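Worksheet for the structure shown next.
Coordinate-derived values only; no laboratory data. What you are looking at is a predicted structure, and each value in this text was computed from that prediction instead of being measured. Positions of Cβ are backbone-derived with ideal geometry, glycine not excepted, and every protein chain shown enters the neighbour counts.
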Amino acid sequence: MPRYVVERVYNEEVHNDMESVGARSKRIAMEAFPDIVWEHSHVVADESGIKSFCVYEAPDTGRIREHGEKLGSHAITHIYEIAADITPDDFP
């Protein structure tokens, strides 16, 4: 199944409550989107606010967008299909 990096930007009220957003995202995926798997996320902050880069396994980007719409309180700014995973150990 394809894997994706999902770039999200969160609205102001979410900044102080990322824990409940993550819990709600997990619950929504388990209940309504059993065909997607949330692997992990990197939450970052910059001058524009809070963003996350979330790795999902999903049949297509449409399912990820549907999940995002149901979650609310954020905007998906881009979805990238993962072509490969590499680490420093992969290189001599």
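Arrange the following residues from fewest to most other Cβ atoms within 10 Å of their Cβ: Thr87, Thr61.
On the way: Thr87 6, Thr61 16.
Least to most surrounded, the residues fall as Thr87, Thr61.
Report the semi-axes of the equivalent ellipsoid for the chain in whole Å, largest first, where each axis is √(5λ) for an eigenvalue λ of the Cα gyration tensor. Present the calculation step by step, with values, prior to reporting the outcome.
Working: eigenvalues 99, 66, 26 Å².
They are 22, 18, 11 Å, listed from largest to smallest.
For the chain, what relative contact order do you get, as a whole percent, if you take Cα pairs closer than 8 Å and at least 6 residues apart? Could the numbers behind the result be given before it?
On the way: 140 pairs, mean separation 41.4, N = 92.
Once divided by the residue count of the chain, the mean separation gives 45 percent.
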Once amide H atoms are built 1.01 Å from N in the peptide plane, which residues 5 or more positions from Ile50, or in another chain, come under 5 Å H to H? Tyr10
Please list 3J(HN,Hα) in residue order for the stretch 36-45, calculated via the Karplus relation 6.51 cos²θ - 1.76 cosθ + 1.60 where θ = phi - 60°; whole Hz, with x for glycine and proline. 10, 10, 8, 7, 5, 9, 10, 9, 10, 10
The ³J(HN,Hα) series, computed from each phi in the stretch 75-92 with the Karplus coefficients 6.51, -1.76 and 1.60 at θ = phi - 60°, rounded to the nearest Hz and given as x for glycine or proline, is 10, 7, 8, 6, 10, 10, 6, 7, 8, 6, 10, 9, 9, x, 5, 6, 10, x
